[in-house]
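Here's the structure, in structure tokens; my notes come after.
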Amino acid sequence: MEATLERLWAGTGNNRAAWLEGPVWMGDWGALVFSDIPNNRTLRWLADTGEVSVFQTESGYANGHARDHEGRLISFEQDPRRVRRLEHDGTWTVLMNSYDGKTLNGPNDGAVHEDGSIWFTDPGYGILGPFEGHKAEAELPNRVYRIDAAGKATIAAERPMRRPNGICFSPDFKRCYVVDTGISDGLDYPGNLIVFDVADGRLRNAKEFTDFTPGSGDGVRCDAAGNVWCSWGWGGDETTGVRVHAPDGDMVAILHAPEIVSNLCFGGPKRNRLFMTGSASLYAIYVNAIGAA
């Protein structure tokens with residue numbers, strides 16, 4: 001029996017989405033939270049009813065989201081160029097907005113390690129112009145940062161990515177995958193996925209895991225078997241969807257979608273439902289895989 005791709009939501013009229021991103025499954029809420037970046041808001045889809053409502057206005061042009069081990073929502077905000085955490089009492093705590101006295105470029109996406117540390121990418125898309133933030137000068141190199149459980153921030157990796165974007169860990173947390181969307185600056189730059197070894201709070205031994213040409217990746221997630229699921233687009237109709245790679249890098253499947261898929265996550269009670277944010281729509285499909293915890 002084959003699963004069917006479902007279009008869960010597409011806003012219309014004044015509620016139309018501009019560019020959806022950053023889905024995260026909130027199991028105890030029975031909901032998916034995701035970003036509508038240019039409209040400066042985050043949205044919430046309820047599994048029981050299918051209703052989509054505004055979760056947060058003035059979201060700081062938030063892009064990606066993650067969830068920590070206490071179930072708190074982590075938001076990577078491009079316009080104020082910071083990482084924030086939603087506390088259980090409804091207040092927000094700024095976890096990081098600068099490094100070495102300089103403002104971050106614009107946090108994009110992140111992942112939480114088993115030790116409780118938060119790792120995130122800082123490619124600076126929010127400062128390129130008014131569509132996803134406001135135009136400003138970069139003060140720091142584009143990097144991957146790590147915030148440990150005590151709140152101390154360090155550089156996890158600075159190279160070889162030009163614009164580090166999507167990020168996730170392997171199920172055993174020994175590897176970290178980082179999408180490089182440098183190709184957005186021109187075809188002479190990379191559009192690939194880099195895999196690192198994780199050791200001593202750093203990303204080491206960078207290797208190209210796969211090249212997305214034609215097109216580019218964006219979001220990335222692992223399933224419990226170590227397969228790597230990557231959003232894919234910007235290279236024509238044949239690249240619109242999700243690529244699935246085995247742990248050795250071999251591409252084993254392509255899930256085609258009617259719109260460019262910006263990002264994805266596993267969710268649902270069994271974590272076997274793949275949620276995908278498209279250009280202006282939210283999609284889902286049941287898959288024969290379980291998302292890594």
Revision key, fill the gap. Length gained if Ser53 through Asp248 is fully extended, taking 0.36 nm per residue and subtracting the Cα-Cα distance, is 66.2 nm
Check your understanding: Leaving out same-chain residues fewer than 8 places away, which lysines sit with a Cα under 17 Å from that of Lys102?
Key -> Lys135, Lys152
Review point. Quick one: with all protein chains in place, what share of the accessible area of the chain is carbon or sulfur, to the nearest percent (1.4 Å probe)?
Key: 47
Exercise for review: May I ask you to list the trypsin sites (Lys or Arg not before Pro) in region 209-293 that are in a DSSP loop and have at most 15 other Cβ atoms within 10 Å of their Cβ?
Suggested key: Lys270
Review point. Taking N as the number of residues in the chain, what value does Rg over Cα atoms divided by 2.2 N^0.38 Å take?
Key: 0.91
Exercise for review: Multiply the residue gap between Asn14 and Lys102 by 0.36 nm, knock off their C-alpha separation, and tell me the result in nm, one decimal place.
Suggested key: 27.9 nm
Check your understanding: Can you give the extra length, in nm with one decimal, that the chain gains between Glu137 and Arg159 once fully stretched, where that is 0.36 nm per residue apart less the Cα-Cα distance?
Key -> 5.9 nm
Check your understanding: Efficiency by 1/(1 + (r/R0)^6): what FRET value for Asn205 and Thr4, r their Cβ-Cβ distance, R0 = 45 Å, to the nearest 0.05?
Key -> 0.65
Review point. Among the lysines, which fall within straight-line cross-link reach of Lys270, defined as a Cα-Cα distance under 19 Å, with same-chain neighbours fewer than 8 residues apart omitted?
Key: none
Practice item. Work from the charge dipole of the chain (Cβ charges, +1 for Lys and Arg, -1 for Asp and Glu, about the Cα centre) and give the residue of Gly71, Thr42, Val244 farthest towards its positive end. Key: Gly71
Study note, to complete from the structure: As straight-line cross-link partners of Lys174, the qualifying aspartates and glutamates (C-alpha separation under 20 Å, not fewer than 8 residues apart within one chain) are Asp68, Asp109, Glu114, Asp115, Asp148, Glu158, Asp197, Asp200, Glu208, Asp223, Asp248, Asp250
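The values are calculated or read from the model by the stated rules, or taken from the named source; none is laboratory data. The shown structure was predicted, so the numbers you read here are calculated from the model rather than taken from an experiment. All Cβ positions, glycine included, derive from the backbone under ideal geometry; neighbour counts span all protein chains shown. The accessibility values were calculated without ligands, DNA or RNA, using every heavy atom of the protein model including side chains. Shrake-Rupley method; radii C 1.70, N 1.55, O 1.52, S 1.80 Å.
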